[in-house]
1. In vacuum, with every alpha carbon of the chain counted as one equal point scatterer, what does the Debye formula give for log10 I(q)/I(0) at q = 0.09, 0.13 Å⁻¹? Two decimals, please.
2. May I ask which residue of LEU186, PRO30, VAL420 lies farthest towards the positive end of the charge dipole of the chain, with charges of +1 (Lys, Arg) and -1 (Asp, Glu) on Cβ and the Cα centre as origin?
3. Mind checking the dipole of the range 357-437: about its Cα centre, +1 per Lys or Arg Cβ, -1 per Asp or Glu Cβ, Debye to the nearest 20?
4. So what is the calculated 222 nm ellipticity per residue for the chain, using -39500 (n - 2.57) for each DSSP H run with n of 4 or more, over all residues, to the nearest 500 deg cm²/dmol?
5. Stretched out fully, how many nm does the piece from ARG418 to HIS142 gain, at 0.36 nm a residue minus the Cα gap?
6. Assuming 0.36 nm per residue, please report the length gained on full extension of the stretch ARG249 to SER50 beyond their Cα-Cα distance.
7. Which chymotrypsin sites (Phe, Trp or Tyr not before Pro) does the range 419-461 hold that lie in a coil by DSSP with at most 10 other beta carbons within 10 Å?
8. Using unit Cβ charges (K, R positive; D, E negative) and no other charged atoms, how large, in debye to the nearest 20, is the dipole of the range 10-341 about its Cα centre?
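We did not get these values from a lab; they are worked out from the coordinates using the rules stated. The model shown is predicted, which means the values in this text are computed figures rather than measured ones. Backbone-built Cβ (ideal geometry, glycine too); neighbour counts: all protein chains shown.
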Amino acid sequence: MTTPQQGLLPATRRALLHRIAVAQAEERTPSLVAAVVRGGERVWNGGRSSSDGPGPDENTQYRIGSITKTFTAVLVLRLRDEGLLDLGDRLEKHLPGTGAGEATIADLLAHTGGLAAESTGPWWERTAGSLRPNLSDVLGEHPLRHPVGRRFHYSNTGYTLLGALVEEVRGVAWAELLRREVFEPLGMLRTSARPLPPHADGWAVHPWADAMLPEPTQDYGLMEPAGQLWSTAADLALFAAFLARGDGRVLSDDSLREMRTPAAPTPAEDLPDGSSYGLGLQIQHRDGRLLVGHGGSVPGFLAGLTLGVEDDVAAVVLTNCTSGPAVSEVAADLVRIVADAEPRVPEPWRPLPDVGVGDLDLVGQWYWGTKAFALRLTADRLLALEPLSGSGRRTRLRANGDGTWSGLEGYFAGEVLRTVRRPDGSVDHLDLGTFVFTRRPYEEGAAVPGGVEPGGWRGLG
């Protein structure tokens, strides 16, 4: 089945095809397939192959490597949303005896658990998982490489522990949980822990000659939650649409927002170019665009999924070679091509269905000291605080239902905004995490910490 291509202009479709054709030809990969999602719908897919005749398409399975980690993270956050665990819980509380139990669940999701990058023993991606039947075989005698919570250190073993955690709490195998709780609700019927026909074979391409060597296909055993999955461009397009727009059957909007919020203290040399890591998602600022997603690499396969958050455009790229195109960069280029050629058309402005007098009391211009801020009520019933000029702390706030509001991001994330009223009910000032905002700068008689000089404003004379 091929998706109708009329969703994009002919010039845009040709630019997308040109980009993947260049990647497949110049980087010498046996095949490459890609898909683009806009507005929650797959609007383009394409493929290139070194074989004569029909090549792989959007329904051909490829191994997706570490994109698997994002799926594992979704399972963990589902447990949190159900109240079965807290991200601040130490692993030891739910999965004792690992030797890495001081790490919190959030640490493991964000790769700050201090764990080794790889499993002990031979290269786990090219050897059978049966060589590592127990967690102790994966972690070894000394599983930590860094102090817990101190730095970002990408860890496949950390996601092995998260998979074991999910199985322990649910009492169901990791792969079966993914099928029930993620794949089936999202309609991802061609995503699985084992390959299903038709699927691509994995190859190594000789670095100095146009020759290929088959790569072995291994089941990773306990390491499955770090990189086992097989999927298609069409299925990953569905997953990208979920990451962009959410689906309450799988995960709450708040949890998706949390996944794409930077969570890791990251040394600049470890994640260059403005990159960071959230909870199971890589985050990058590229060409002024916020991109989230994940890459994947296992012997024989490369994969990339990238979402341009503000543009509401996502791209998936899959190849079957051990080293070849920088697929995450190709995916980012596909997002850029669509976003630049066909910018997102904003939704029509519509007034809110109801606005309370109390809401209007809050909006408008406020001063923190002498710094001017605007407080606006947005279409999604959030308050947006931002400086009127220059740089300054900004945030969006959500109503708590008791007259207070909680910050969602930036310096004021988690801080509470309280409205302080005069005896007549009018607003005297706002208190946001002890920051006092008044209607006029250092207004006489206002509750400004430290007081206001009684003489008021004056000149030099």
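1. -0.68, -1.19
2. About the Cα centre, the residue reaching furthest to the positive side is VAL420.
3. For the range 357-437, the charge dipole is close to 180 debye.
4. On the way: 12 runs with 112 residues, N = 461.
Helix-only estimate at 222 nm: -7000 deg cm²/dmol.
5. On the way: separation 276, 0.36 × 276 = 99.36 nm, distance 4.85 nm.
Fully extending the segment from ARG418 to HIS142 adds 94.5 nm.
6. Net length gain for the segment: 67.6 nm.
7. TRP457
8. 300
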